[in-house]
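Notes follow once the structure below has been shown.
The values are calculated or read from the model by the stated rules, or taken from the named source; none is laboratory data. Because the structure is a prediction, the values reported are computed rather than measured. With ideal geometry, Cβ positions are generated from the backbone for all residues, glycine too; neighbour counts draw on all protein chains shown. In case anyone asks, the SASA skips ligands and DNA or RNA and just uses the protein heavy atoms, side chains included. Shrake-Rupley method; radii C 1.70, N 1.55, O 1.52, S 1.80 Å.
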Amino acid sequence: MKTSRPIRARIAPDAILKNYRLAKRHAPAAKAWAVIKANAYGHGQWRAVQALREEADGFALLECENALALREAGITQPLLLLEGIFNSRDARAVVEHGLTTVIHCPEQLALLLDTGPFERPVSVCLKLNTGMNRLGFTAQTFAIAREKLRQIPQIALTLMTHFAEADGARGIAGQFDQFQAMLGDWKGPVSLANSAAILRHPMAHGDWVRPGIMLYGASPFAEQSAAELGLQPAMTLESKIISVQTLATGDRVGYGGTFTADRPMRIGVVACGYADGYPRHAPTGTPIAVMGQRTRTLGRVSMDMLVCDLSDIPAAGIGAPVTLWGRGLAGDVPADEVANAAGTIAYELFCALAPRVPVEVGEI
Ligand SMILES: *Cc1c(COP(=O)(O)O)cnc(C)c1O
């Protein structure tokens with residue numbers, strides 16, 4: 001719904017496409033599942049699909065129903081179910097509509113095989129647990145599964161794993177070695193790399209990479225910015241100043257009065273709060289831009305409003321444009337910086353964008 005309240009999320013499909021191309025340049029020999037789970041990390045599943053429709057090698061998501069909706073809309077690329085099937089209806093849909101499913105445990109494998117015998121090829125990504133200890137077969141259960149699958153020629157198998165620390169100092173070495181050890185003499189396709197591994201660990205590119213966060217223009221790394229990586233922000237959250245207050249030394253701001261002015265100040269109230277998806281834990285000092293000029297938030301974020309320092313932006317009055325994150329009027333306010341200040345990651349900010357925020361689709 002279009003609203004007069006000035007908050008907007010601007011989504012840039014061209015940024016998503018550029019970021020996808022960057023992922024492909026990093027892993028030129030691999031195909032890529034564009035990860036569009038969680039409503040494309042808050043950017044809108046259909047917007048992301050539209051942006052990547054011509055170029056993505058495949059799409060990865062969670063819900064079988066969403067994959068079927070994509071098929072219905074004429075998307076012919078491989079569609080990967082990242083958590084696999086949840087019941088026999090999903091299993092039948094996978095077979096009938098040519099979806100690719102993760103199979104991560106013996107129970108799930110049984111669900112799938114119970115829908116056989118198969119009359120056409122069925123694509124399966126068998127997930128191996130190489131140390132993340134979330135989903136995946138262990139060395140033992142994998143041996144049994146592989147034996148079962150060997151007897152079903154219709155099953156086209158890819159072996160897959162997921163890294164816990166591709167973005168961190170420990171890296172992927174341990175999990176990569178474990179994966180190699182589990183593969184044994186496997187010569188078929190493999191899939192390992194999330195955004196961090198695509199950007200930092202070429203040895204793990206394999207046959208299919210799985211870029212997620214990088215498509216949306218945020219960095220998977222704490223110490224390397226999206227701009228340094230050449231990524232374009234795909235979501236900009238912007239609003240306006242709706243009230244201006246003048247503080248005397250000692251005046252406090254907002255719920256709990258957690259910020260106290262140590263000098264006379266001018267502050268602006270922004271129409272954006274945690275019910276819009278802005279993180280409530282963003283403390284005083286979180287970056288924000290007003291009329292293209294960087295400044296800081298003050299005090300606690302409330303449900304519908306937050307406060308920023310206008311002391312150095314005298315021209316900013318009611319109606320002045322505010323960038324909460326994304327592409328500003330003069331430079332970016334990286335979602336990664338806002339997230340970091342709030343003790344979280346851009347993934348969470350994007351996914352938390354509230355349904356009440358009107359979305360506009362535009363260019364970067
Ligand atoms: C979400 C997800 C990805 C994408 O991870 P990013 O860090 O966003 O690139 C890749 N693989 C799997 C299995 C996932 O669940």
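Specify which of the listed residues (Ala193, Ala261) is free of Cβ contacts under 8 Å to residues at least 24 places away in the same chain and of a type in the set (A, V, I, L, M, F, W, C).
Result: Ala261 is the single residue among Ala193, Ala261 that is free of Cβ contacts under 8 Å to residues at least 24 places away in the same chain and of a type in the set (A, V, I, L, M, F, W, C).
Taking the condition exposed (fewer than 14 other Cβ atoms within 10 Å of the Cβ), farther than 30 Å from Val49 by Cα and of a type outside the set (Lys, Arg), does Gln175 pass? In short, no. Of the residues that make up the range 165-185, is at least one farther than 30 Å from Ala330 by Cβ and within 15 Å of the chain's Cα centre (by Cα)? No, every residue in the range 165-185 fails to be farther than 30 Å from Ala330 by Cβ and within 15 Å of the chain's Cα centre (by Cα). Kindly indicate whether Glu348 is part of a helix (DSSP H, G or I), open to solvent by 40 Å² or more (accessible area, probe 1.4 Å) and touching a strand residue (DSSP E or B) at 6+ places or on another chain (Cβ under 8 Å). When the stated conditions are applied, Glu348 does not pass them. Tell me, which residue of the range 320-334 that is aliphatic (A, V, I, L, M) and open to solvent by 10 Å² or more (accessible area, probe 1.4 Å) is farthest from Val361 (Cα to Cα)? It comes out as Ala330. Every condition in (1) part of a helix (DSSP H, G or I); (2) buried (at least 19 other Cβ atoms within 10 Å of the Cβ) holds for Leu68 except the one numbered (2).
Looking at Ala56, Ala60, just one residue is of a type in the set (A, V, I, L, M, F, W, C), assigned to a loop (DSSP other than H, G, I, E, B), within 16 Å of the ligand (Cβ to nearest atom) and touching a strand residue (DSSP E or B) at 6+ places or on another chain (Cβ under 6 Å), and that residue is Ala56.
In the condition set (1) open to solvent by less than 20 Å² (accessible area, probe 1.4 Å); (2) under 23 Å from Glu363 (Cα atoms); (3) within 27 Å of the chain's Cα centre (by Cα), Lys240 is compliant with all but (1). Residues in the range 259-284 that are under 12 Å from Leu298 (Cα atoms) and either open to solvent by less than 10 Å² (accessible area, probe 1.4 Å) or of a type in the set (A, V, I, L, M, F, W, C) (or both): Phe259, Ala261, Met265, Ile267, Gly268, Val269, Val270, Ala282.
Is there a residue being β-branched (Val, Ile, Thr) and part of a loop (DSSP other than H, G, I, E, B) anywhere in the range 302-322? Can you show your working first?
Residues of the range 302-322 that are β-branched (Val, Ile, Thr), as a first pass: 307, 313, 318, 322.
Keeping just the survivors that are part of a loop (DSSP other than H, G, I, E, B) gives 313, 318.
Yes: the range 302-322 contains one or more residues that are β-branched (Val, Ile, Thr) and part of a loop (DSSP other than H, G, I, E, B).
The number of residues in the range 206-217 being more than 13 Å from the ligand (Cβ to nearest atom) and either modelled with pLDDT under 95 or within 20 Å of the chain's Cα centre (by Cα) (or both) comes to 0.
Would you mind finding the one in Ala15, Ala48 that is aliphatic (A, V, I, L, M), in contact (Cβ under 8 Å) with a residue 40 or more places away in the chain and away from the ligand (no atom under 15 Å from the Cβ)? Before you say what the answer is, go through the steps one by one.
Working: Ala48 fails: away from the ligand (no atom under 15 Å from the Cβ).
Among Ala15, Ala48, only Ala15 is aliphatic (A, V, I, L, M), in contact (Cβ under 8 Å) with a residue 40 or more places away in the chain and away from the ligand (no atom under 15 Å from the Cβ).
Residues checked against (1) modelled with pLDDT of 95 or more; (2) within 16 Å of the ligand (Cβ to nearest atom):
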residue: Gly257; (1), (2): yes, no
residue: Ala261; (1), (2): yes, no
residue: Ala282; (1), (2): yes, no
residue: Ala289; (1), (2): yes, no
residue: Gln293; (1), (2): yes, no
residue: Pro314; (1), (2): yes, no
residue: Ala330; (1), (2): no, no
residue: Ala342; (1), (2): yes, no
residue: Ala346; (1), (2): yes, yes
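Kindly evaluate Pro117 against the criterion of being assigned by TED's automatic domain parsing to the domain that holds Ile213, open to solvent by 70 Å² or more (accessible area, probe 1.4 Å), closer than 20 Å to Ala197 by Cα and not hydroxyl-bearing (Ser, Thr, Tyr). So Pro117 fails the test.
Yes/no matrix, rows are residues, columns are (1) open to solvent by less than 30 Å² (accessible area, probe 1.4 Å); (2) more than 14 Å from the ligand (Cβ to nearest atom); (3) in the same structural domain as Ala29 (by TED's automatic domain parsing):
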position: Phe142; (1), (2), (3): yes, yes, yes
position: Arg146; (1), (2), (3): no, yes, yes
position: Ile152; (1), (2), (3): no, yes, yes
position: Met160; (1), (2), (3): yes, no, yes
position: Gln180; (1), (2), (3): no, yes, yes
position: Leu183; (1), (2), (3): yes, yes, yes
position: Leu192; (1), (2), (3): yes, no, yes
position: Ile198; (1), (2), (3): yes, no, yes
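Could you check the range 94-107 and list, in sequence order, the residues that are assigned to a helix (DSSP H, G or I) and either open to solvent by less than 10 Å² (accessible area, probe 1.4 Å) or touching an Asp or Glu at 6+ places or on another chain (Cβ under 7 Å) (or both)? First the steps, then the outcome.
Our first condition is that a residue be assigned to a helix (DSSP H, G or I); within the range 94-107, this holds for 94-97, 106-107.
Correct list: Val94 only.
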